Amino acid sequence: MVSALLGFAPGVALQLQQSTLWPAALYGACCVAGLLLGSLGARFSRPPWRVLAALLAAAVLGFSLTGARAVWVKGQGLAEDFEGQEVLLVGHVVGLPQVYRSGAASARFEFAVQQASLAGRSVTVPDRVLLYGSGPLLEVAPGQRWQLPVRLRRPHGLHNPGGFDTEAWLWGQGLHATGTVRQGKKADPPVLLPGQVWRPVDQARFKVRQAVFTQIAEPSAAGLLAALAVGDQASIDKPDWDVFKVVGVGHLVSVSGLHITMFAWLAMGVVGFM
């Protein structure tokens with residue numbers, strides 16, 4: 001088991017250095033080769049050869065499985081034919097929407113797509129997308145069902161050396177497209193559809209965050225408390241993050257929401273036991 005773990009990680013790391021993905025069939029062949037190598041190594045009587053075979057087999061499996069997963073994720077992305085075109089989406093809001101009221105007010109939220117159509121015909125788009133909108137969308141809440149005219153595009157973003165990699169973050173979050181909700185005289189208006197999708201965790205966190213911002217007038221203080229209470233770190237403005245990093249408490253703010261939740265569970269357990 002230890003040999004397999006020691007070999008698997010370098011295989012994954014090696015695949016992550018690939019600038020271009022191989023075809024899925026080639027990764028599948030590598031996976032089969034890794035399994036055969038592991039089976040053959042188990043027949044060796046001498047421990048050194050058995051360990052070496054296990055290391056190589058695990059490395060090949062780590063390389064091939066990571067590559068196959070990357071090919072599958074890439075296949076979930078937005079087709080080039082739909083990029084920049086106005087697609088009518090039907091779905092519901094997931095996660096905690098973020099509202100930016102400085103300057104031109106706008107909202108950013110994740111959207112789980114249930115139906116998509118282009119010029120009246122059904123099309124296939126990624127299951128989850130990251131959308132930006134304004135107007136009535138400033139009041140979006142988790143679980144709400146909407147019909148939205150959206151102009152989609154594949155994930156793009158800046159990646160400065162040592163800085164934040166937007167595209168990698170979107171991939172990691174399972175968001176395979178971003179889009180802007182079209183509004184204006186030539187676009188269909190966003191329509192709030194009847195019924196809601198039950199998302200108890202998102203909806204509970206949303207209500208707590210709303211209560212925090214309602215009770216506390218100072219935006220920076222409210223954003224910090226929301227981050228600590230429900231883990232909504234996006235509520236903290238960038239200048240405040242800069243201050244936290246300078247004084248060395250940024251990592252505490254990042255994990256304190258989880259710590260508070262764990263402490264609450266422990267306190268409930270102790271009280272219940274007593």
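Only one of (1) touching a residue at least 24 places away in the same chain (Cβ under 8 Å); (2) under 26 Å from Val71 (Cβ atoms) fails for Ala168. Which number is that?
(1)
Being over 22 Å from Gly133 (Cα atoms) and crowded, with 18+ Cβ neighbours inside 10 Å narrows it down to one of Gly67, Gly75, Gly91, so name that one.
Working: Gly75 fails: crowded, with 18+ Cβ neighbours inside 10 Å; Gly91 fails: over 22 Å from Gly133 (Cα atoms).
Step by step, each of Gly67, Gly75, Gly91 is checked, and only Gly67 is over 22 Å from Gly133 (Cα atoms) and crowded, with 18+ Cβ neighbours inside 10 Å.
Does any residue in the stretch 30-57 that is surrounded by 12 or more Cβ atoms within 10 Å (Cβ to Cβ) come within less than 6 Å, Cβ to Cβ, of a residue that is outside any helix (DSSP H, G or I) six or more places away or on a different chain, and which pairs are these?
Here the result reads Arg50/Phe44, each pair linking the stretch 30-57 to a residue that is outside any helix (DSSP H, G or I).
Tell me, which residue of the stretch 171-188 that is at pLDDT 90 or above and either within 19 Å of Leu137 (Cα to Cα) or not in a loop (DSSP other than H, G, I, E, B) (or both) is most open to solvent (accessible area, probe 1.4 Å)?
Thr180
Out of all the residues in the stretch 181-192, is one or more small (Gly, Ala, Ser) and touching a residue at least 60 places away in the same chain (Cβ under 8 Å)? Working first, answer last.
Step one: of the stretch 181-192, the residues small (Gly, Ala, Ser) are 184, 187.
Filter once more, keeping what is touching a residue at least 60 places away in the same chain (Cβ under 8 Å): 187.
Yes, there is a match, as at least one residue in the stretch 181-192 is small (Gly, Ala, Ser) and touching a residue at least 60 places away in the same chain (Cβ under 8 Å).
Test of understanding: among Arg199, Arg205, Arg182, which residue is in contact with a Leu (Cβ under 7 Å, 6 or more places away or on another chain) and of a type in the set (Lys, Arg)?
Values: Arg199 fails: in contact with a Leu (Cβ under 7 Å, 6 or more places away or on another chain); Arg182 fails: in contact with a Leu (Cβ under 7 Å, 6 or more places away or on another chain).
Answer to the check: Arg205.
Within the stretch 224-240, track down each residue that is open to solvent by 40 Å² or more (accessible area, probe 1.4 Å) and modelled with pLDDT under 85.
Scanning the stretch 224-240 gives Leu228, Ala229, Gln233, Ala234, Asp237, Lys238.
Can you confirm whether Val150 is aliphatic (A, V, I, L, M) and either open to solvent by less than 40 Å² (accessible area, probe 1.4 Å) or at pLDDT 90 or above (or both)?
Working: aliphatic (A, V, I, L, M): yes; either open to solvent by less than 40 Å² (accessible area, probe 1.4 Å) or at pLDDT 90 or above (or both): yes.
Yes, satisfied.
Among Ala204, Ala211, Ala221, which is the only one that is surrounded by fewer than 16 Cβ atoms within 10 Å (Cβ to Cβ) and over 20 Å from Phe109 (Cα atoms)?
Numbers: Ala204 fails: over 20 Å from Phe109 (Cα atoms); Ala211 fails: over 20 Å from Phe109 (Cα atoms).
None of the others qualify; the one that does is Ala221.
Restricting the search to the stretch 159-170, which residues are more than 17 Å from the chain's Cα centre (by Cα) and among the hydrophobic types (A, V, I, L, M, F, W, C)? Explain how you work it out, then say what you get.
Residues of the stretch 159-170 more than 17 Å from the chain's Cα centre (by Cα): 159-163.
Within the stretch 159-170, no residue meets the criteria.
Any residue in the stretch 69-87 that's under 14 Å from Thr178 (Cβ atoms): show its pairings with residues that are assigned to a loop (DSSP other than H, G, I, E, B) and among the polar types (S, T, N, Q) at Cβ separation under 9 Å, as long as the two are six or more apart or on different chains.
Partner pairs satisfying both residue conditions: Phe82/Thr124.
When you check Gly67 against the structure, is it within 23 Å of the chain's Cα centre (by Cα) and modelled with pLDDT of 90 or more, yes or no?
On the way: within 23 Å of the chain's Cα centre (by Cα): yes; modelled with pLDDT of 90 or more: yes.
In short, yes.
Please go through (1) touching a residue at least 40 places away in the same chain (Cβ under 8 Å); (2) among the hydroxyl-bearing types (Ser, Thr, Tyr); (3) open to solvent by 90 Å² or more (accessible area, probe 1.4 Å) for Ser19 and return the number of the only condition it doesn't satisfy.
Every listed condition holds for Ser19 apart from (1).
If we keep just the residues of the stretch 115-145 that are touching a Lys or Arg at 6+ places or on another chain (Cβ under 8 Å) and assigned to a strand (DSSP E or B), which is surrounded by the most Cβ atoms within 10 Å (Cβ to Cβ)?
Leu131
Taking the stretch 123-178 on its own, how many of its residues are of a type in the set (Asp, Glu) and either within 22 Å of Leu193 (Cβ to Cβ) or in contact with a helix residue (DSSP H, G or I) (Cβ under 8 Å, 6 or more places away or on another chain) (or both)?
Taking the stretch 123-178 first, the residues of a type in the set (Asp, Glu) are 127, 139, 165, 167.
Then drop every residue that is not either within 22 Å of Leu193 (Cβ to Cβ) or in contact with a helix residue (DSSP H, G or I) (Cβ under 8 Å, 6 or more places away or on another chain) (or both), which leaves 127, 139.
The number of residues fulfilling the criteria is 2.
Name the pairs whose Cβ atoms lie under 8 Å apart, with the first residue in the stretch 129-151 and among the small types (Gly, Ala, Ser), the second assigned to a strand (DSSP E or B) and open to solvent by 40 Å² or more (accessible area, probe 1.4 Å), and 6 or more positions between them or separate chains?
Gly133/Thr180; Gly143/Gln196
Mind listing just one residue for me: the one in the stretch 153-170 that is open to solvent by less than 60 Å² (accessible area, probe 1.4 Å) and in contact with a strand residue (DSSP E or B) (Cβ under 8 Å, 6 or more places away or on another chain) and, of those, nearest to Lys238 (Cα to Cα)?
Of the residues in the stretch 153-170, the ones open to solvent by less than 60 Å² (accessible area, probe 1.4 Å) are 155, 157, 163, 165-166, 168, 170.
Cutting the leftovers down to in contact with a strand residue (DSSP E or B) (Cβ under 8 Å, 6 or more places away or on another chain) gives us 155, 170.
Numbers: Pro155: 22, Leu170: 19 Å.
Taking the candidates together, the pick is Leu170.
The values are calculated or read from the model by the stated rules, or taken from the named source; none is laboratory data. Just so we're clear, the structure is a prediction, and the values are computed from it rather than from any experiment. With ideal geometry, Cβ positions are generated from the backbone for all residues, glycine too; neighbour counts draw on all protein chains shown. Only protein heavy atoms, including side chains, enter the accessible area calculation; ligands, DNA and RNA are left aside. Shrake-Rupley method; radii C 1.70, N 1.55, O 1.52, S 1.80 Å.
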